[in-house]
Amino acid sequence: MRVFVTGATGFIGAAVVKELIGAGHQVLGLARSQEKAAALVAAGAEVQLGSLEDLAGLRQAAAGSDGVIHLAFNHDFSTFAVNCEDDRRVIAVLGAALAGSGRPLIVTSGSSMAIAAPGQPSREDGPVISSAVIPRAASEEAAAAVAAEGGNVGVVRLSQVHDTVRQGLVTYAIEIARDKGVSAYIGDGGHRWAAVHVLDAARLYRLALEKAEPGARYHAVAEEGVPQRAVAEAIGQRLGLPVRSIAPEEAQAHFGWLALFAGRDMQASSELTRVKLGWTPTGPGLIADLEQLESRAA
């Protein structure tokens, strides 16, 4: 397949490009600069120079491809709600470019978008939260709109994607710990976050694209829930910082925008995903990667 990948030079996107090419697919990757383009060429991909703001370019690239994996997202959390609505528009454009063809569009979301009972992991078949509650759900609402028009769209929900350099939202917790001089967790630290190694996530994207099941939702989850206290302790040990609990009312002052997520239990199951795709994650766990943080991350 000829696959158009947005976010192709990002942390996850670069791994997806490598996975696709390794499986015999051709890749057209979106790149914002010549420097980023060079990395794609070195990986064996073709390049579409542009950005998410270039809707006409996105439409053209998608129309000329056998499938699309949409990974790009603006992670400036100071404009989070705006970025989520921008993603809604991008998904609509990509979906329209593939309309009526049966060619797959794989959209990216988060595993916490599925509503779960308190203390239970979210599931692929659970109800989806509204974007009025969590703006990121706009991506899934956009995917549903594409599906309603007959589009072949699937959703990959990411948990905390990690290696020894980056760890999803935990990366920001590391930056905060370094800045504050303390690695903190909220209350008893029992809030749990699901996690997956980046190479396992990349393989899942490929399998989701190849299966091309309309309306499918997949969870990129290897560990259903890693306690925040364990995460804070691993960060503290690696950075040589003290570890302490803070009260919920202190969370905003300590974590800033990350407090929105730090106080949430974000467990997730991938049981249905594993059955549907034959996907078995094999990478190291989140704590293991935190214990081996590379010097530039630590």
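The values are calculated or read from the model by the stated rules, or taken from the named source; none is laboratory data. As the structure is a computational prediction, the values presented were derived from the model and not from experiment. Don't worry about glycine lacking a Cβ; one is built from the backbone with ideal geometry, like all the others, and counts go over all protein chains shown.
From the list Ala8, Ala96, Ala81, Ala14, the one residue that fits, being assigned to a loop (DSSP other than H, G, I, E, B) and either in contact with a Pro (Cβ under 9 Å, 6 or more places away or on another chain) or in contact (Cβ under 8 Å) with a residue 24 or more places away in the chain (or both), is Ala8.
Just to verify a result, which residue in the range 188-202, among those that are within 25 Å of His70 (Cβ to Cβ) and assigned to a strand (DSSP E or B), is farthest from the chain's Cα centre (by Cα)? Talk me through it step by step, then tell me what you get.
Taking the range 188-202 and keeping what is within 25 Å of His70 (Cβ to Cβ), we get 193-202.
Right, trim to assigned to a strand (DSSP E or B) and you get 193-197.
Details: Trp193: 13, Ala194: 12, Ala195: 10, Val196: 10, His197: 11 Å.
Filtering the range 188-202 for residues that are within 25 Å of His70 (Cβ to Cβ) and assigned to a strand (DSSP E or B), the one farthest from the chain's Cα centre (by Cα) comes out as Trp193.
One residue stands out among those in the range 29-50 that are of a type in the set (A, V, I, L, M) and part of a helix (DSSP H, G or I): the one that is surrounded by the most Cβ atoms within 10 Å (Cβ to Cβ), which is Leu40. For Lys211, the conditions (1) touching a helix residue (DSSP H, G or I) at 6+ places or on another chain (Cβ under 8 Å); (2) crowded, with 18+ Cβ neighbours inside 10 Å; (3) farther than 25 Å from Ser245 by Cα are fulfilled apart from (2). Can we say Tyr205 is assigned to a strand (DSSP E or B), in the same structural domain as Lys18 (by TED's automatic domain parsing) and in contact (Cβ under 8 Å) with a residue 24 or more places away in the chain? No, not satisfied. Contact annotation: residue pairs with Cβ atoms under 8 Å, 6 or more positions apart or on different chains, pairing a residue in the range 19-44 that is of a type in the set (Asp, Glu) with a partner that is assigned to a helix (DSSP H, G or I), are Glu19/Leu199; Glu19/Ala202; Glu19/Arg203; Glu19/Tyr205; Glu19/Arg206.
Filtered by the rule that a residue be at pLDDT 95 or above, in contact with a His (Cβ under 6 Å, 6 or more places away or on another chain) and in a loop (DSSP other than H, G, I, E, B), the range 257-283 gives Ser270, Gly283. Is there a residue in the range 140-147 that is of a type outside the set (A, V, I, L, M), without any contact (Cβ under 8 Å) to a residue 40 or more places away in the chain and surrounded by fewer than 23 Cβ atoms within 10 Å (Cβ to Cβ)? No, every residue in the range 140-147 fails to be of a type outside the set (A, V, I, L, M), without any contact (Cβ under 8 Å) to a residue 40 or more places away in the chain and surrounded by fewer than 23 Cβ atoms within 10 Å (Cβ to Cβ). When we screen Glu233, Glu224, Glu213, Glu250 for residues that are assigned to a loop (DSSP other than H, G, I, E, B) and either farther than 23 Å from Ser111 by Cα or at pLDDT 95 or above (or both), the only hit is Glu213. With the structure loaded, tell me whether Ser111 is at pLDDT below 95, polar (S, T, N, Q) and closer than 20 Å to Leu258 by Cβ or whether it fails that test. Criteria met by Ser111. Summed over the range 139-187, the residues that are in a loop (DSSP other than H, G, I, E, B) and either more than 13 Å from the chain's Cα centre (by Cα) or within 12 Å of His254 (Cβ to Cβ) (or both) give a count of 10.
Residue under question is Ala117, and the condition is that it be in the same structural domain as Ala63 (by TED's automatic domain parsing), part of a helix (DSSP H, G or I) and of a type in the set (Gly, Ala, Ser); does it hold?
On the way: in the same structural domain as Ala63 (by TED's automatic domain parsing): yes; part of a helix (DSSP H, G or I): no; of a type in the set (Gly, Ala, Ser): yes.
Taking the combined requirement at face value, the residue does not satisfy it.
Residue count for the range 51-77, restricted to those that are part of a loop (DSSP other than H, G, I, E, B) and of a type outside the set (S, T, N, Q): 10.
Rundown of residues vs (1) at pLDDT below 95; (2) surrounded by fewer than 19 Cβ atoms within 10 Å (Cβ to Cβ), yes/no style:
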| site | (1), (2) |
| --- | --- |
| Gly119 | yes, yes |
| Arg136 | yes, no |
| Asn152 | no, no |
| Val155 | no, no |
